[in-house]
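Structure first, commentary second.
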Amino acid sequence: MKKLKYIPLFFLCLLLGSGKPPVPPVKRALIIAIGNYPATSGWSAINSNRDVPYMLQLFQSQGFLKENIAILQDSLATYTGIQQAVARLCELSKPGDIVAIHISAHGEQVEDDNGDEVDGLDESIVTWGAKSPRVSTNFQQDQAAYFRDDKFGELIDQLRAKLGSKGDVVVFMDACHSGSGTRGTMKVRGGQPAFTSGKPINKTSGTDTEGVFGEKAKPANGMATYIVFSAARAEELAAETTNDNNEGMGSLTYALSKVFENLDSNASYRSVFAGVQSVMHQKVRGQHPVLEGTGTERKLFGGNFVSQKPYAEIEAINGSREILIREGSFTGYEPGAIVLVCKAGTQDPSVTNTLDTGTVIQAGYYSALVKLKKGGIKSTTDAWVFLLNPVYNLRLTKVNVEHSKWGFTPAEAKAIRLRLSVMKGFAVADTSELILAKGKLKDTLKIAANGFPFQLMDKGLLEKEWSDACRRYSRYVFFSSLEVKDRKYNQDIRFIPVRNGKPDTLLLQKKMVNGTYEFQEKDSFVIQIKNSGTKPFYFNVLDLQPDGYINAIMPNRGQKVYARELQVLPGQTRLFNKAFVILSPPYGEEIFKFFFSPKPLDLELIASPPPGAIKRASLSFMEQLVDKSVQNTRGDAVTLQGSAEGAVGQVVFRILPKK
């Protein structure tokens, strides 16, 4: 028998072919924020600088070292400053590195200078000091201060070439791309007329609905893939929203900060975008975020994502035993909810010691007051709060009456408010969710957030019509904003279009417009779900229509799809091709709400029960959640407390008229 001889480690490394371990990729980031534009520029001040700490925290939580994060704010973010910062990023980066760029600023359309835009207009970043169309007196001179998409694309392509095929480039653009006019009451990042020379614009066809790079981006060919998240379409304005302290900030930035709270290592850029869509649908309805690029299916940050259990930050400390946190009723932090308090930086509270426990005693939509058991938290940055036992509450809809020189007079509005105030099922308030606007034959109940019509109303002010409409809206808001997060139940959801009676994956990309499914009336699709979590789950689907009506999609007894069949095992991908979803009006944005649970669910008999259906005596938490909201006939608040035992997610898509 031969004896095994000792081989020195140095020679062993040589025999194995390498004397050094592989060098991990470096994560680098550049944050550009322009908010305090010079008064002489003609551009209004916006809250871009408030986005900086959010993105700084997001990047650092993902392993971006502070020394590898460059910040360019206000007067530093000139045309030259931005160009040099991106060039420096390219110079420092090495093959395989991960690079992220975040831009918060005004956006503007500028007359195309090379004939590559279908609408004759380039999208651009409004750099610090760039003169707006309303104050400029010299187009040729002043247009040079706008950072066009063409130039930005050139720099990104240089960066992609430097990083190589294993690198990762992701860009977040929290700015308008174009548009004229304003929407809503929030600040708009852009909103000025297109900047042109005054000559006729050379359009080829229609409006450019592409994103930042559109058709200009080069294919991979040894270059890093790229991904761009944009706050709005090229033809849209991007409105600001409010953070959990009711302070103005970028809508895309806010959405990213929320989505990154509950992702796992399998998250792709497309799944991140689905979360961004969901948050922005609630905060800035009518605005459509965009996803573009060659790496949408790639894992987040090249698979080097750091998963984090969702948590709430502490905003203020009231005395020794009360804290105000930056989460509220939309995420289950209602009065009675139980929380865990852990050291700041905790990734998973189940594997660490808790500092304290507490109970929510007051809550708004985005904030909650917690009573602690022990108390003693000294600083708002010392601890994070994790939700242990959530509470969900269906609130009364608040309504108001619009008065203007074209609508109701102040006296008419006052009289209508008085008549509405004695009705049940809703509340009359100055700050409202629905507003009644005057019409000729019928009045219109509009959504206050975006001015979209919700329902035509009889001028006779019928109590049943009003209470039904407001309860329907209340349920719609409740379900569309409902979040139950649990990383054990991660999934990848796809809508596979149907052609000639069969699912056709080749049509998938044609129905995906800027990252959002876009179907026409009478189109149909089937649902495909991959379980990327660690636990098997059952699921149900509810359809939330733009007019507030809720329909059960799966299970579906009419198509012989039953609750017990809707299970997906860990790692399994299932195509549910027995249940065809055939699309019909109303047109607009629709939501499919997905409910995931460890045991079979049957929301069909609860959300839309057939005549004579008998409801089970014992319902799971998810089933109780739907049952109590749907059966809420008086419009009173509905509270449900307990362990969610699963997760709730959604997919936003659009239905358009048949061409």
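Just a few scattered comments:
- A Cβ distance below 6 Å, combined with a sequence gap of six or more or placement on separate chains, defines the contacts here; from the stretch 316-332, residues that are over 23 Å from VAL259 (Cβ atoms) reach residues that are surrounded by 23 or more Cβ atoms within 10 Å (Cβ to Cβ) and among the aliphatic types (A, V, I, L, M) in the pairs ILE317/ILE323; ILE323/VAL370.
- Residues that are more than 26 Å from the chain's Cα centre (by Cα) and modelled with pLDDT under 90 are absent from the stretch 524-539 altogether.
- Meets criteria (modelled with pLDDT of 90 or more and in a loop (DSSP other than H, G, I, E, B)) for ASN36: yes
- Out of THR357, THR381, sole residue that is in contact (Cβ under 8 Å) with a residue 24 or more places away in the chain, exposed (fewer than 14 other Cβ atoms within 10 Å of the Cβ) and not in a helix (DSSP H, G or I): THR381
- Filter pass, PRO24 being closer than 19 Å to LEU163 by Cα and either under 28 Å from the mean Cα position of the chain (by Cα) or surrounded by fewer than 18 Cβ atoms within 10 Å (Cβ to Cβ) (or both): yes
- Residue among ASP142, ASP149 that alone is more than 30 Å from THR381 (Cα to Cα), crowded, with 21+ Cβ neighbours inside 10 Å and either assigned by TED's automatic domain parsing to the domain that holds VAL171 or not acidic (Asp, Glu) (or both): ASP149
- Only residues that are free of Cβ contacts under 8 Å to residues at least 40 places away in the same chain, assigned to a loop (DSSP other than H, G, I, E, B) and within 25 Å of GLY588 (Cα to Cα) were counted in the stretch 403-452, giving 6.
- Check on SER329, modelled with pLDDT under 85 and crowded, with 20+ Cβ neighbours inside 10 Å: yes
- All positions within the stretch 339-354 that are surrounded by 18 or more Cβ atoms within 10 Å (Cβ to Cβ) and among the hydrophobic types (A, V, I, L, M, F, W, C): VAL339, LEU340, VAL341, CYS342
- Residue identified as assigned to a loop (DSSP other than H, G, I, E, B), touching a strand residue (DSSP E or B) at 6+ places or on another chain (Cβ under 6 Å) and either buried (at least 21 other Cβ atoms within 10 Å of the Cβ) or in contact (Cβ under 8 Å) with a residue 12 or more places away in the chain (or both) among PRO570, PRO585: PRO570
The values are calculated or read from the model by the stated rules, or taken from the named source; none is laboratory data. These numbers come from a predicted model, not from an experiment. Cβ atoms come from the backbone with ideal geometry, glycine included; neighbour counts cover every protein chain shown.
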